[in-house]
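Bear in mind that the values in this text are calculations on the coordinates, not laboratory data. Nothing here was measured: the structure is a model prediction, and the numbers come from that model. Cβ placement follows ideal geometry from the backbone for every residue including glycine, while neighbour counts extend to all protein chains displayed.
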Amino acid sequence: MNFEKTVQDLMKKEAELEARRERARAFALEEINATIRLLDIKPADLDFSGRQAAARRGSVRRTGRSSCKVAPKYRTPEGATWTGRGKQPAAIREALARGLTLEAMTIRADGTTAAEASSQA
């Protein structure tokens, strides 16, 4: 008899839990629908593919490196270039030690630098 009572208690608790889950689900759907109405969200605005959720969970692997090339921002009179990202190359450090400034080595829109312009004048 003890076993039958335990099974009955478990079935009763399972039914209670299922009812609570259904009430919580109904409440959540009610809140979601109210938010959709409030913000005037259309079906086309929603993405059910799961891609955004996967990205938020961190399941999308990122390498940490950008896949696009970056144009150089600085050029020494000898022609060594640097994008301005990461550690300064030795040629840039040497030019700075010689008295050039980063401003003078900045590549302009026309492709020249202030240092090149002053040496040509």
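Values as computed for the structure displayed
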read-out: Cα→Cβ-extended label distance, 7 Å offset, between residue 112 and residue 98, nm; value: 1.9
read-out: Largest-first principal axis extents, alpha carbons of the range 2-57, Å; value: 56, 26, 14
read-out: Whichever lysines have a C-alpha closer than 22 Å to that of residue 13, once near sequence neighbours (fewer than 8 apart) are set aside; value: 5
read-out: Cut-off under 5 Å, modelled amide H: who pairs with residue 80 long-range; value: none
